[in-house]
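Just so it is clear, none of the values below were taken in a lab; they were calculated from the coordinates. This is a predicted model, so every value here is computed, not measured. Here the Cβ is made from the backbone with ideal geometry for all residues, glycine too, and neighbour counts use every protein chain on show.
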Amino acid sequence: MGVEQISSTNNQQITDYDVSKFLLGGNEFVDIDLTASGEVVLLEGMIMGKVGATGLLLACDKDANDGSQFPVGVVVQAKTIADTETKSIRLVNKGSIAEDKLNFLDTETLDTLIGAANNQRSYRDYMNDLGLILKTGVELTAVDNR
């Protein structure tokens with residue numbers, strides 16, 4: 001849940017609470033141990049790829065050509081991993097998720113094309129292939145859905 005303080009005076013405070021959900025249902029998860037090389041900051045909704053030769057997990061980057069440009073899952077909970085520390089991270093790889101909660105590198109979007117020039121597909125296509133159902137709107141955001 002995100003919290004943003006809008007204004008504060010001596011007598012009142014206005015706060016905006018984001019109670020919308022990232023995981024919307026029917027989700028399946030995989031836990032992966034990640035050892036950091038330098039501090040690593042993972043954001044909820046960050047799309048992750050895996051380097052084919054080493055199995056190393058990285059944030060998806062459309063310009064990569066080592067396999068990490070293809071999504072294997074989405075980070076479920078934000079974590080910071082210190083240099084040389086190993087932590088278990090949970091990725092969602094099936095089920096319904098809120099597409100507006102996804103985090104991309106730089107200016108990439110769900111419609112960014114990745115892959116070889118003669119066979120380019122979007123992140124949206126690859127995520128649908130995984131079994132992730134991308135939902136738009138404000139599903140499960142009412143206060144009684146916590």
Taking only the Cα positions of the range 43-115, the convex hull volume per residue in Å³ is 108
Rounded to the nearest 5, the percent of antiparallel DSSP beta bridges in the range 21-133 equals 90
For the chain the translational diffusion coefficient, Stokes-Einstein from a Kirkwood Rh over Cα pairs at 10 °C and viscosity 1.306 mPa s, in µm²/s, is roughly 95
Measuring from its Cα centre, the chain shows a charge dipole (+1 at each Lys and Arg Cβ, -1 at each Asp and Glu Cβ) which, in debye to the nearest 20, is 340
Charge dipole of the range 21-133 built from unit charges on the beta carbon (Lys, Arg +1; Asp, Glu -1), centred at mean Cα; most positive-end Cα among N27, A116, V76 is N27
